[in-house]
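Just so it is clear, none of the values below were taken in a lab; they were calculated from the coordinates. All of these numbers come straight from a predicted model, not from anything done at the bench. Glycine gets a Cβ as well: all are built from the backbone with ideal geometry, and neighbour counts include every protein chain shown.
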């Protein structure tokens with residue numbers, strides 16, 4: 001069970017708050033009202049949600065996590081699920097839907113986007129979240 005993750009069918013998107021790309025995506029993505037409210041959760045803040053994801057073995061440095069009730073979507077599955085829930089209003093949300101509505105295309109593009117993110121964070125001198133406590137895994 002996801003501890004303190006959702007109230008009233010809210011959706012929770014766990015992301016890296018120190019990542020400019022992640023922040024931009026999270027600020028721009030809009031979901032349909034029928035899907036619920038999207039709550040953003042910075043994984044760098046820790047807490048029960050990150051502890052639960054860690055206990056499940058999910059490395060938040062390797063992918064964002066969408067929590068929808070008891071359902072978890074990780075990495076490319078998260079971005080794919082968000083695209084299907086998107087409002088399609090505005091250029092970004094239409095583009096997000098068109099690109100990531102395909103599970104296959106999401107699986108192909110997500111590692112490319114993640115590599116770009118990792119390179120950007122390395123250039124910015126940011127540390128990894130390292131929620132799994134892996135040895136020698138502090139820097140990008």
Hey, any idea what the orientation-averaged projected area of the convex hull of the chain's Cα atoms comes to, in nm²?
-> 8.1 nm²
Ranked by how many other beta carbons lie within 10 Å on average, peptides 28-41, 79-92, 124-137 from highest = 79-92, 28-41, 124-137
Whole-angstrom gap from segment 65-95 to segment 12-40, using each part's C-alpha centre | 9 Å
Quick one: of the DSSP bridges fully inside segment 11-123, what percent are antiparallel, nearest 5?
-> 65 percent
Which residue fluctuates the most in the chain, going by a Gaussian network model with Cα springs under 10 Å, if the choices are 97, 25, 110?
-> 25
